[in-house]
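Asker: If you scroll down you'll find the structure; I have some questions about it.
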Amino acid sequence: MSTVQRDTSISVRRAQSAGEGFVNSRLFAILSRAGFVARALVYGIIGLLAFDLAIGQGGKITNQQGALRSVEQHPFGHFLLTLLAVGLGGYALWRLFRAALGHGREGTDRGIERLGALGSGIAYAAMCVVAVQILTGPGTSGKGAKKTAGDVFSWPAGRWLVAIAGVVLAGVACYQLIRGLRKKFLDDSKTDQMPQPVYNAFTVLGTIGHVARAVVFGLVAVFLIKAAYDYKANEAIGLDGALGKLYDGAYGAWLLGAVAAGLIAFACFSLVEARYRKI
């Protein structure tokens, strides 16, 4: 082995050791658990607003950015949104470190799980950025799915990139569905420390919540793939667009209400995860 290779190997091991030291620190655990609370708040707001619309009590269909803006508009909203940004950043950090190092000292996660952690980390990092943008500039607005797809279409092989994004998201939807129906999420939490009523509620909320997310992600994936196939950016939708499709279809109020209730269940599930998740 050459000197350069040896020095590179030593540097990599030192970086990995430093990363594992941070992952095992109390600060990292606090940031990670705060992230679950932030995730719960975002999904809770989206679900509650959609559920109110479904039952005719006002409400509206919104996405993650809309949920963040709803927080900012309330009393002490600036302070709460700051805490939410920290939580989202903490969750993103946890997912990205899990993608890089795996779970625990041995890094035993399968490749698909680490890839999922990478995608999740990037998504929540983007949400954290949006929260910071709202805090620092009230007029800042994020791009919608149609605008984003339109931008990507202008890139070399952009049509294929949109299609690939749709296929990846379809895979995520399937993973969420399987994870929910087979209750795989129980493996990631300290279920042995849960009182029996908490365990029972956690199991039900996790199953319903993951299935609801699978439905939403699946719809977004279908319309991304359709946008790529038809080469029409305006057919792409985001989370709010998926909820809108449910509401506009047959039995729309019932379908929207059911999925919205599922998102609320996922928010409650996330709150319990904040306490019992294996970090």
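The values are calculated or read from the model by the stated rules, or taken from the named source; none is laboratory data. All values reported here derive from a predicted model rather than from experimental measurement. Calculation scope for accessible area: heavy atoms of the full protein, side chains included, ligands and nucleic acids excluded. Shrake-Rupley method; radii C 1.70, N 1.55, O 1.52, S 1.80 Å.
Asker: Over what distance in Å are the Cα centres of region 53-82 and region 181-253 separated?
Answerer: The distance from the Cα centre of region 53-82 to that of region 181-253 comes to 20 Å.
Asker: Per the 1.4 Å probe, what fraction of the accessible area of region 125-279, in percent, lies on carbon and sulfur atoms? It would help to have the intermediate numbers written out before the result.
Answerer: Numbers: 5320 of 7900 Å².
Answer for region 125-279: carbon and sulfur cover 67 percent of the accessible area.
Asker: At a 1.4 Å probe, what is the % contribution of carbon and sulfur to the accessible area of region 19-94? Walk me through the numbers on the way to the answer.
Answerer: Details: 2300 of 3420 Å².
Heavy-atom surface of region 19-94 belonging to carbon and sulfur, 1.4 Å probe: 67 percent.
Asker: In Å², and per residue, what accessible area does region 116-275 have when probed at 1.4 Å with the other protein chains present?
Answerer: 51
Asker: Bins of 5 Å, beginning at zero and ending with the bin holding the largest distance: percent of Cα pairs per bin for region 213-275, please.
Answerer: Histogram of Cα-Cα distances, whole percents per bin: 4, 18, 22, 20, 15, 11, 6, 3, 1, 0.
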